[in-house]
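Enquirer: Dropping a structure here in structure tokens format, bear with me for questions.
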Amino acid sequence: MSGLPMWAYAAALCTRRGVSRRKAGGDLLRLDADVAWEEAGGNDETEVAQLYESCVENGVRVVTVQDPDFPSPLFFSGGVPILFVRGSLSVLGQRRVGIIGTRTPTPSGVYTARDFGEQLAAHGVAVVSGLAKGIDGAAHDGMRARHEMHPGDGAAGRPIAVVGSGLDIVYPKANRKLWEWVGECGVLLSEYPPGAPAEAHHFPQRNRIIASLSEIIVVVESRTTGGSMITVREAIRRGVDVHAVPGSPRVASAGGTNLLIQQGCGTVTDATDILAALSLEHSRTDLRRVDDREHPESGDLDVLEACSNGPVTLDQLMIATGRELSSIAVSLGRLHAQGWVMEERGWWEALLLGRGRHAGYCIT
């Protein structure tokens, strides 16, 4: 192998066409990155070198599941084995609130999102969002206003943005200055390499990262369908509490938030409601890797995932994975010995990140 760093091989593997993110992550958990890349069919290092040069030229750092500062719930909760980063991952050590909403909000919705961002920054809380037009950008713009008013406040909350393109491709272009500020003051994250365009299918994928990184989600304005509701579903699947701002029944952009409240989500009318909700939720505070269990083998991940949504039988595992009973039994034996699953009266259930500060996380 050449003198290229391991992260370049990991990036090439995770972005290689025909290799799923889940498989790439599993391979990186058991193999050195260059070996995993070669096993995936990589025989021309030109693409590795080009990706390396592109990241260096654009000031983009790469972290993978092999790195100790990689937020492990991203892989185990969303199948994300790699992050392209601009800024400081230390921001993830702050309390984190996801603020999401429609790209076409009312003036009231923009004001509310900006106020939430400003007030949360003042209380040392980071805001996770997608840096899109509308509510997302307004929340981070409110944070920026707070930092500009109090430039010496080192304890202020910082922005965390998860985008659907390479970190050198600003989308939307109208948010260029805000994009640059987030990268300087907080952290910009993407699972796509430099040069990757903002394609439509990237954004639903991006939303699972927002849900995984947030301690709670606040929906400011949303229609009953759209990207915000995808993020809500991803949050609920991960056990992340969802809160919503009520709106007029005559306003289309409040239809989704009013529906969420009707269905039992928490109600938020000002920033103090968010802070109160956050103070009650501590299970997702620390994203550092503290689990001391041996990483599961890549061939066992589909069984572990199938066990993650609640107790399942062997028959259900065969249906979910499409594997033979004998093969599943071998995977369950390894996972049980490593402490990843438990069995009770014929029912199997995941103990995902069940030790230390990660107790309670779900794989999906």
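Enquirer: Is at least one residue of segment 50-72 under 24 Å from residue 91 (Cβ atoms), of a type outside the set (A, V, I, L, M, F, W, C) and in contact with a Ser or Thr (Cβ under 9 Å, 6 or more places away or on another chain)?
Expert: yes
Enquirer: While we're on this one: Restricting attention to segment 81-107, which residues are assigned to a strand (DSSP E or B) and either at pLDDT below 95 or farther than 15 Å from residue 161 by Cβ (or both)?
Expert: 82, 95
Enquirer: Looking for something within 14 Å of the chain's Cα centre (by Cα) and not charged (D, E, K, R) - is there at least one such residue anywhere in segment 100-115?
Expert: yes
Enquirer: Out of (1) under 21 Å from residue 176 (Cα atoms); (2) surrounded by fewer than 24 Cβ atoms within 10 Å (Cβ to Cβ), what's the single condition that is false for residue 122?
Expert: Single failed check for residue 122: (1).
Enquirer: Something else now. Could we say that residue 48 is touching a residue at least 24 places away in the same chain (Cβ under 8 Å), of a type in the set (A, V, I, L, M) and closer than 22 Å to residue 205 by Cα here?
Expert: For residue 48, the condition - touching a residue at least 24 places away in the same chain (Cβ under 8 Å), of a type in the set (A, V, I, L, M) and closer than 22 Å to residue 205 by Cα - is not met.
Enquirer: Just name the residue that is nearest to residue 78 (Cα to Cα) out of those in segment 234-249 that are under 13 Å from the mean Cα position of the chain (by Cα) and at pLDDT 90 or above.
Expert: Taking the candidates together, the pick is 234.
Enquirer: Among 274, 261, 230, 217, which is of a type in the set (Val, Ile, Thr) and farther than 16 Å from residue 135 by Cβ?
Expert: Just a single option satisfies the conditions, and that option is 261.
Enquirer: Take the conditions within 14 Å of residue 75 (Cβ to Cβ) and either aliphatic (A, V, I, L, M) or outside the structural domain of residue 194 (by TED's automatic domain parsing) (or both) and apply them to residue 44. Does it pass?
Expert: It is false that residue 44 is within 14 Å of residue 75 (Cβ to Cβ) and either aliphatic (A, V, I, L, M) or outside the structural domain of residue 194 (by TED's automatic domain parsing) (or both).
The values are calculated or read from the model by the stated rules, or taken from the named source; none is laboratory data. Bear in mind the structure is a predicted one, so any value in this text is a computation, not a measurement. No Cβ is skipped: glycine too gets one built from the backbone with ideal geometry, and neighbour counts run over all protein chains shown.
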